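K.L.:
Shown below is the structure under consideration.
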Amino acid sequence: MKPLTEQEIRASFVNCTKGEAKRLNVPRGLTDLPWEDLDFLGWRDPQAPERAYLVAEVDGRLAGVALRLSTGGVGQARRSMCSLCVTTHSGGVSLMVAPRAGKAGQQGNSVGAYMCSDLACSLYVRGKRDAGPGARLHESITLEEKIERTLANLATFVAKVTA
Ligand SMILES: [Zn+2]
């Protein structure tokens with residue numbers, strides 16, 4: 001993806017207040033991130049581990065989504081699959097919950113999905129980060145197709161948040 005500035009990141013959020021978007025912790029060293037290997041930007045708040053964020057380009061527009069890790073406990077140790085990049089980890093997948101944008105979110109509606117806990121889906125898809133043995137299914141599709149699938153899954157998730 002195209003490298004993003006802190007300003008672009010803060011301006012992209014669709015499901016939190018302007019004040020929250022202004023205060024949230026953006027990743028350190030933005031200019032040093034491996035942007036060419038990223039399909040979307042995802043990170044955990046280093047100062048609040050239960051908070052996570054992602055910024056994706058959907059239909060030519062940036063959409064930032066604020067997430068919370070659901071700490072239900074159950075299933076944490078089980079192998080589970082990321083719904084975005086289809087990587088299976090032992091304990092490396094978390095249920096992320098996003099308040100819906102606008103009125104629905106204010107009324108407490110949210111959307112949940114299982115995602116890689118470090119939101120590094122782009123790197124798992126490319127084999128640049130290892131999720132352990134048996135993490136990826138043997139698939140006959142190309143890397144481009146896997147990237148497209150990840151982006152399509154992400155677009156579906158973002159659409160549910162903004163619907
Ligand atoms: Zn993933």
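Each value in this text was obtained by applying a stated rule to the coordinates, not by laboratory testing. The structure displayed is predicted, hence computed values, not measured ones. Cβ coordinates were reconstructed from backbone atoms using ideal geometry, including for glycine residues, and neighbour counts include every protein chain displayed.
K.L.:
What order do you get for 34-47, 89-102 when each peptide is scored by the mean count of other beta carbon atoms within 10 Å, highest first?
P.N.:
Values: 34-47: 16.6, 89-102: 19.8.
Descending packing order for the listed peptides: 89-102, 34-47.
K.L.:
Could you calculate the FRET efficiency of Gln107 with Gln47 from 1/(1 + (r/R0)^6), where r is the beta carbon distance between them and R0 is 35 Å, rounded to 0.05?
P.N.:
Working: r = 28 Å, r/R0 = 0.81.
The pair Gln107/Gln47 has a calculated efficiency of 0.80.
K.L.:
Where does helix 143-162 land angle-wise versus the long Cα axis of the chain, in degrees 0 to 90, nearest 10?
P.N.:
On a 0 to 90 degree scale, this one is about 30.
K.L.:
In addition: Could you work out the local net charge near Val111, counting Lys and Arg as +1, Asp and Glu as -1, over the other residues with Cβ closer than 9 Å to its Cβ? Provide the component values of the computation, followed by the final result.
P.N.:
Details: positive: Arg100, Lys160; negative: none.
Charge balance near Val111 sits at +2.
K.L.:
For the chain, what is the calculated [θ] at 222 nm in deg cm²/dmol (nearest 500), taking -39500 (n - 2.57) for each run of four or more DSSP H residues and dividing by its residue count?
P.N.:
Values: 5 runs with 42 residues, N = 163.
Roughly -7000 deg cm²/dmol at 222 nm, from the helical runs in the chain.
K.L.:
Tell me which lysines have Cα within less than 16 Å of Lys18's Cα, excluding those fewer than 8 residues away on the same chain?
P.N.:
Answer for Lys18, where 16 Å is the Cα cut-off: Lys103, listed by chain and number.
K.L.:
Mind checking which of Val14, Gly108, Gln47 is farthest towards the positive end of the chain's charge dipole, using Cβ charges of +1 (Lys, Arg) and -1 (Asp, Glu) about the Cα centre?
P.N.:
Value: Gly108.
K.L.:
Which of the three applies to segment 1-133, rounded, prolate or oblate, going by the alpha-carbon gyration tensor with a ≥ b ≥ c and a/c under 1.5 meaning rounded? Please report the intermediate quantities before stating the final value.
P.N.:
Numbers: a/c = 1.78, a/b = 1.14, b/c = 1.56.
It comes out oblate by the Cα gyration axes.
K.L.:
Same structure, new question: Taking the Cβ of each residue in Thr17, Thr87 as the centre, tally the other Cβ atoms inside 10 Å and list the residues starting with the fewest. Could you put the intermediate results ahead of the total?
P.N.:
Numbers: Thr17 11, Thr87 25.
In increasing order of surrounding Cβ atoms, one gets Thr17, Thr87.
K.L.:
Here is a follow-up. May I ask you to sort Ser110, Ser122 by Cβ crowding, counting other Cβ atoms within 10 Å and putting the fewest first? Can you show the working numbers first?
P.N.:
Numbers: Ser110 17, Ser122 25.
So the ranking, lowest neighbour count to highest, is Ser110, Ser122.
K.L.:
So, one more: Between the DSSP loop rule and a limit of at most 11 other Cβ atoms within 10 Å, which trypsin sites (Lys or Arg not before Pro) in segment 111-163 are left? Numbers along the way, then the final one.
P.N.:
Working: sites: Arg126, Lys128, Arg129, Arg136, Lys146, Arg149, Lys160; in loops: Arg126, Lys128, Arg129, Arg136.
Hits after loop and neighbour filter: Lys128.
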